[in-house]
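Some notes on the structure that comes next.
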Ligand code: SF4
Ligand code: SF4
């Protein structure tokens, strides 16, 4: 049972994601640069429909059904995706002229974004969209319920779900239990690691790096109970932001505005009035509220197209980037820099006791303010 007083959340507007992976790089640069973290991508952006990351995570079980924990599968390193080399030499220096750029023979046949832009459907009505994912900082985290060491906690002040690495013994029951497969294993340290929702930045009033760096202004960050904030309005007032796979029963706190479709066209190239992305597919991802959400998006869009006003459209357009982040709109350069002994170890900041001790010691500047000033 969740005991946090407030819940911080993220809304991602899938109509604005261009699949550029800037968020992925911002997160990788900030949090997973150390040994043992080479394969970790706390933020992933995959093409949907597609196998996702790790490969076929939606078929790996975990989560709850009717409140009962379901068994789950542990992704292998091959499922996460291994590094591979492309056949540059053959394609560019002396190979067949029509040879496609591909993995070299004998290299792994899967990596984190292998099926990028493949999608589904028949030309000219083929379709796809991008699905960015982080840990959902769930209200009922399956990872937390599965940990016999009580190493996973939800922060009381904002519901961010964190792994206390000092308590973790690397059993990986959390990774099996998480139905979104958002927990990695660090073989160097022998502990599980995951997205920390950039909590040291939140503590300073700075939004998550993935959100701040996003050129598409896809991501909103704020508290669910802030009735004047965009998160509350998109999730509760307009109900256009929906959780991914609500049937897993973990209560995700990352929500998605589902993508609108171009119209299908017939053999003569004429629009048919039918959406190209099947409603059934979107409902398999985001549940029953998709139709109402898409209908409202279309009707509000139509209002603005005829010169009318729409608070919903204004929210989603976000002309000023500050409007995306509510109480977290401070620029990193203006944040009071956290000074702490082990800058690379966020767990030291998670544990108040360790943090206090560390602050009293000789200090160095934490990577809250990254070289990229993200
Ligand atoms: S998404 Fe997975 S790792 Fe994150 S809180 Fe939910 S169950 Fe835990
Ligand atoms: S940075 Fe924004 S637009 Fe680019 S892939 Fe990430 S969420 Fe999508």
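The values are calculated or read from the model by the stated rules, or taken from the named source; none is laboratory data. This is a predicted model, so every value here is computed, not measured. So basically every Cβ, Gly included, is an ideal-geometry build from the backbone, and we count neighbours across all protein chains shown.
Of all residues in region 137-170, which are assigned to a loop (DSSP other than H, G, I, E, B), closer than 17 Å to residue 200 by Cα and within 11 Å of ligand 1 (Cβ to nearest atom)?
Residues satisfying the conditions are 137, 159, 160.
So, in region 38-59, exactly how many residues are within 16 Å of ligand 1 (Cβ to nearest atom) and part of a loop (DSSP other than H, G, I, E, B)?
Qualifying residue count for the region: 7.
Can you confirm whether region 120-129 contains a residue that is over 20 Å from the mean Cα position of the chain (by Cα), at pLDDT below 95, more than 16 Å from ligand 1 (Cβ to nearest atom) and within 19 Å of residue 60 (Cα to Cα)?
There is no residue in region 120-129 that is over 20 Å from the mean Cα position of the chain (by Cα), at pLDDT below 95, more than 16 Å from ligand 1 (Cβ to nearest atom) and within 19 Å of residue 60 (Cα to Cα).
For region 257-277, check the following and say yes or no: at least one residue is away from ligand 2 (no atom under 16 Å from the Cβ), under 15 Å from the mean Cα position of the chain (by Cα) and buried (at least 22 other Cβ atoms within 10 Å of the Cβ).
No, region 257-277 contains no residue that is away from ligand 2 (no atom under 16 Å from the Cβ), under 15 Å from the mean Cα position of the chain (by Cα) and buried (at least 22 other Cβ atoms within 10 Å of the Cβ).
Among the candidates 143, 135, which residue alone is crowded, with 20+ Cβ neighbours inside 10 Å, touching a residue at least 40 places away in the same chain (Cβ under 8 Å) and within 16 Å of ligand 2 (Cβ to nearest atom)?
Result of the check over 143, 135: 135.
Quick check on this structure: which one of 113, 125 is touching a strand residue (DSSP E or B) at 6+ places or on another chain (Cβ under 9 Å) and in the same structural domain as residue 49 (by TED's automatic domain parsing)?
Selected residue: 125, the only one of 113, 125 that is touching a strand residue (DSSP E or B) at 6+ places or on another chain (Cβ under 9 Å) and in the same structural domain as residue 49 (by TED's automatic domain parsing).
For residue 284, only one of the following conditions fails: (1) touching a helix residue (DSSP H, G or I) at 6+ places or on another chain (Cβ under 8 Å); (2) assigned to a helix (DSSP H, G or I). What is its number?
So residue 284 meets the others, but not (1).
Do we have residue 150 as over 19 Å from residue 44 (Cβ atoms) and out of contact with any strand residue (DSSP E or B) (no Cβ under 6 Å at 6 or more places or on another chain) here?
Spelling it out, residue 150 is indeed over 19 Å from residue 44 (Cβ atoms) and out of contact with any strand residue (DSSP E or B) (no Cβ under 6 Å at 6 or more places or on another chain).
From the list 15, 4, 34, pick out the single residue that is away from ligand 1 (no atom under 16 Å from the Cβ), farther than 18 Å from residue 220 by Cα and part of a loop (DSSP other than H, G, I, E, B).
None of the others qualify; the one that does is 34.
Find the residue count for region 215-229, including only residues that are within 16 Å of ligand 2 (Cβ to nearest atom) and buried (at least 24 other Cβ atoms within 10 Å of the Cβ).
4
Among the residues of region 262-278, is any under 28 Å from residue 153 (Cβ atoms) and either part of a loop (DSSP other than H, G, I, E, B) or not assigned by TED's automatic domain parsing to the domain that holds residue 123 (or both)?
No.
Here is a yes/no grid of residues against (1) more than 16 Å from ligand 2 (Cβ to nearest atom); (2) under 20 Å from residue 112 (Cα atoms); (3) over 15 Å from the mean Cα position of the chain (by Cα):
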| residue | (1), (2), (3) |
| --- | --- |
| 35 | yes, yes, yes |
| 48 | no, yes, no |
| 56 | yes, yes, yes |
| 72 | yes, no, yes |
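Take the residues of region 332-343 that are within 11 Å of residue 205 (Cα to Cα) and surrounded by fewer than 13 Cβ atoms within 10 Å (Cβ to Cβ): which is modelled with the lowest pLDDT?
Selected residue: 336.
Return a yes/no flag: does region 81-95 have any residue that is buried (at least 18 other Cβ atoms within 10 Å of the Cβ), farther than 27 Å from residue 170 by Cα and more than 16 Å from ligand 1 (Cβ to nearest atom).
No - not one qualifying residue is present in region 81-95.
Away from ligand 1 (no atom under 16 Å from the Cβ) and in a loop (DSSP other than H, G, I, E, B) - does that describe any residue in region 230-239?
Yes, there is a match, as at least one residue in region 230-239 is away from ligand 1 (no atom under 16 Å from the Cβ) and in a loop (DSSP other than H, G, I, E, B).
Can you pull out the residues in region 166-199 that are farther than 21 Å from residue 44 by Cα and touching a residue at least 24 places away in the same chain (Cβ under 8 Å)?
Matches in region 166-199: 166, 168, 171, 173, 188, 189.
Does residue 32 count as at pLDDT 95 or above, more than 30 Å from residue 282 (Cα to Cα) and in the same structural domain as residue 135 (by TED's automatic domain parsing)?
yes
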